[in-house]
Amino acid sequence: MCEARATLCGGSPVNANSSGRMPLELRPAEDSEFDFAFQAKRDAIGPHVCVRWGWDETWQLEHHRARWQGKPWQIILLDSQRIGTVSIDIQPSHLQFGEFYILAPWRNRGLGTEVLCRALSVADDKGIETRVEYLKWNPVASLYRRHGFAVHAENDTHYLLRRAPIRIESRRSTATSTVEVR
């Protein structure tokens with residue numbers, strides 16, 4: 001499911017390196033990148049927030065600051081350029097995936113798929129489920145559905161999703177087909 005399928009319209013891999021993966025890097029966010037992370041959030045989710053509530057810059061900044069302090073943020077880099085953020089919080093029972101914001105020029109190129117797949121691979125290797133939540137009217141839903149997430153709860157504004165780990169043996173068997181000769 002998560003092979004390097006990130007393609008442009010022409011069907012060719014987007015900057016795939018020799019391992020078949022995109023040259024993406026995730027690194028811990030530095031305190032000095034708070035403003036970049038807020039910019040990425042505003043760019044990615046702002047239009048979806050505005051539809052329902054409008055964008056209250058002061059409230060959003062305070063909310064962002066609380067999440068910044070309480071979560072393990074990472075910066076998504078493509079060829080050393082910052083293109084977004086993600087929080088991947090590994091707990092004993094699950095991997096919490098969130099604060100996933102990619103700047104507009106880099107969306108719809110398979111980069112978000114690659115980031116998600118890397119996190120899912122970690123959860124699968126550890127045998128733990130992955131959890132995520134998103135605004136009900138955010139089009140990111142299709143990304144999560146494609147990767148096996150199912151809604152387990154909801155409130156007025158958010159869907160809360162889970163994805164069970166895929167056992168390594170299952171991943172290998174789906175990647176390799178065998179032909180029986182009689």
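The values are calculated or read from the model by the stated rules, or taken from the named source; none is laboratory data. Since we're looking at a predicted model, the values are computed, not measured. Please note: Cβ atoms are built from the backbone with ideal geometry, for glycine as well, and neighbour counts cover all protein chains shown.
Summary table below
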quantity	calculated
Top-ranked residue in the range 134-182 [being charged (D, E, K, R) and at pLDDT 90 or above; ranked as surrounded by the fewest Cβ atoms within 10 Å (Cβ to Cβ)]	Asp156
Candidates Ala44, Ala123, Ala104, Ala66, filtered to the one that is of a type in the set (Gly, Ala, Ser) and over 25 Å from Arg146 (Cβ atoms)	Ala66
Which listed residue, of Asp43, Asp89, is in contact (Cβ under 8 Å) with a residue 40 or more places away in the chain and at negative phi	Asp43
When residues of the range 54-76 are limited to those that are farther than 13 Å from Ala40 by Cα and in contact with an Asp or Glu (Cβ under 7 Å, 6 or more places away or on another chain), the one surrounded by the fewest Cβ atoms within 10 Å (Cβ to Cβ)	Pro72
Flag for Asp79 being surrounded by fewer than 17 Cβ atoms within 10 Å (Cβ to Cβ) and under 13 Å from Leu26 (Cα atoms)	yes
Residue that is farthest from Asp89 (Cα to Cα) [pool: residues in the range 117-170 that are among the polar types (S, T, N, Q) and not in a strand (DSSP E or B)]	Ser170
Condition met for Glu114 (at negative phi, in contact (Cβ under 8 Å) with a residue 60 or more places away in the chain, outside any loop (DSSP other than H, G, I, E, B) and buried (at least 19 other Cβ atoms within 10 Å of the Cβ))	yes
Residue within the range 92-111 that is over 29 Å from Ile166 (Cβ atoms), hydrophobic (A, V, I, L, M, F, W, C), in contact (Cβ under 8 Å) with a residue 60 or more places away in the chain and part of a loop (DSSP other than H, G, I, E, B) present	yes
